[in-house]
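Below: one structure, written as structure tokens.
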């Protein structure tokens, strides 16, 4: 077991806990850099989705996981970012300026949507953001001059300062770099007073207020920052999907984003990335399995001579091809995560790490929470 | 100069007058306790002082400044910190993060410098940490520094909340039933902490408390309330032997 001996306060505010942790992140960076060389274009394209969803995850994590404000309308921010970016690109605005403008517009929308959040919490806020998402989707459909309505809107490959990001691998690197930047900036906020104020609002508004946190200001800031990051993700999303249509930014997509942070693990940036891996890679995994399972079982059936296994395999393949199965699997996993591991994939990860670092002395009860004490509700 | 003064404080909740014409003054460097039976309006007075409730009538003065209209998030900035009757710590954060949050009023960095984590932010963080470590040393909380509050036992949480209030560098400390839920030893210990806060840190304390042993041990002056009205003010002994107070408690 590693023991960290601390000798300076500086050690507690570092980006990486110690040299070993930094080295592991270095290894991860090398793997991310090397993947395009090792994998086929199809897989690189799918992993690019992980990065884009990762940025979305960071956005929602700040709001839901750290500030405790639930939003069911974040796909709308993604859409605003995507459409704004596409619109500016079409009108000849350079890429960087276009992204900056898209981020500014989503930030403004975030502040406006955040205003009711100053008075609402929990389910009421979720409903308000849901309504916002419905309205925005309608705007995407009707405002044909800007969005092209149902006809959609084509988005070109990014060109940044004359550099063309038209190959799958170059766009992969662009998304990876922006995700890394987002993670670092967000971590910076979270390790300073703004981030602590957000966490304070999540855990006890009344105490946060008594400690000097201006609740409306910090809630608006959380909404604005979350929307800004979502806008950034939207710009990349627009390039990745190449063709924007209003029905992409549906309520279901908002719910999927919320699922991302819950499955990943609320209250950690790792969770945002883990959740993104899950959400982005589940559909291709299902796609691979629906061909691989029948094939493997047919092989097994012909090798052993038990014909019924081949039939079952074909049945599974047929089942996985049915529409709605993917959504069903998403839902099932969400229910299982909430029942079995409320801390999400990140929670499992922490337990796994502790298991190996304390082996063979690991105790399951290390993570058992003692009973929660009653908190005063009468001031709410 | 008055240090802290409440003048003719009153608040109505619908038809109920929870606090009715209460006046008291806390002098610098004293421990002033409010006692009274359940529902007497003690915590309501606290919520009035920390500006969570808006008084129907009356004035609040702190260091000659009228704070009757100050918004609640500005109270800590002025030098008034409080604890809660039912512990309102930030449970899913470590004790250290809880205490650092209390330094919020002393931050000098803005959103964008924090986004970039500029050297100024780094210096500020170290400064906050040094201030917080002093409180940790003062209250002997070293071993719980990195523990999540959810995992701390109740007695430690009580001290942790005291530590969080002290981390704001207050001049007036409001303690809402510091001994509730504590056993006899922990209550004795709490009495020592309160004395130390008064004598070593020079912080004035306004306290609501039921445990008369703790009240007599630490209070300089006591105000007894019943049904939102003041019954008596004076030293703990005077108030305890006051006939009105005895009647309120024993119902004679």
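The values are calculated or read from the model by the stated rules, or taken from the named source; none is laboratory data. Keep in mind the model is a prediction, meaning the values are calculated, not measured. Glycine gets a Cβ as well: all are built from the backbone with ideal geometry, and neighbour counts include every protein chain shown.
For segment B:76-88: of the residues being facing another protein chain (nearest Cβ under 7 Å) and touching a helix residue (DSSP H, G or I) at 6+ places or on another chain (Cβ under 7 Å), which is farthest from residue B:133 (Cα to Cα)? Among them, the one singled out is B:85. Of the residues contained in segment B:37-46, none is found to be buried (at least 17 other Cβ atoms within 10 Å of the Cβ), over 24 Å from residue B:108 (Cα atoms) and touching a helix residue (DSSP H, G or I) at 6+ places or on another chain (Cβ under 7 Å).
Within segment A:214-229, being buried (at least 24 other Cβ atoms within 10 Å of the Cβ) and either farther than 24 Å from residue A:81 by Cβ or without any contact (Cβ under 8 Å) to a residue 24 or more places away in the chain (or both) holds for no residue.
Looking across A:272, A:295, A:276, A:280, one residue alone is assigned to a helix (DSSP H, G or I) and farther than 25 Å from residue A:172 by Cβ. It is A:295.
Each residue in segment A:203-214 was checked for being more than 7 Å from chain B (Cβ to nearest Cβ) and under 23 Å from residue B:113 (Cα atoms), and 1 pass. Within segment B:91-111, count every residue that is closer than 26 Å to residue A:182 by Cα, assigned to a loop (DSSP other than H, G, I, E, B) and either within 8 Å of chain A (Cβ to nearest Cβ) or touching a strand residue (DSSP E or B) at 6+ places or on another chain (Cβ under 9 Å) (or both). Adding up the residues that qualify gives 4. Taking residue B:114 as the residue in question, decide whether it is in a loop (DSSP other than H, G, I, E, B) and within 9 Å of chain A (Cβ to nearest Cβ). It is false that residue B:114 is in a loop (DSSP other than H, G, I, E, B) and within 9 Å of chain A (Cβ to nearest Cβ). Is it true that residue B:155 is assigned by TED's automatic domain parsing to the domain that holds residue B:45 and surrounded by fewer than 18 Cβ atoms within 10 Å (Cβ to Cβ)? No; evaluated as a whole, the condition is false for this residue.
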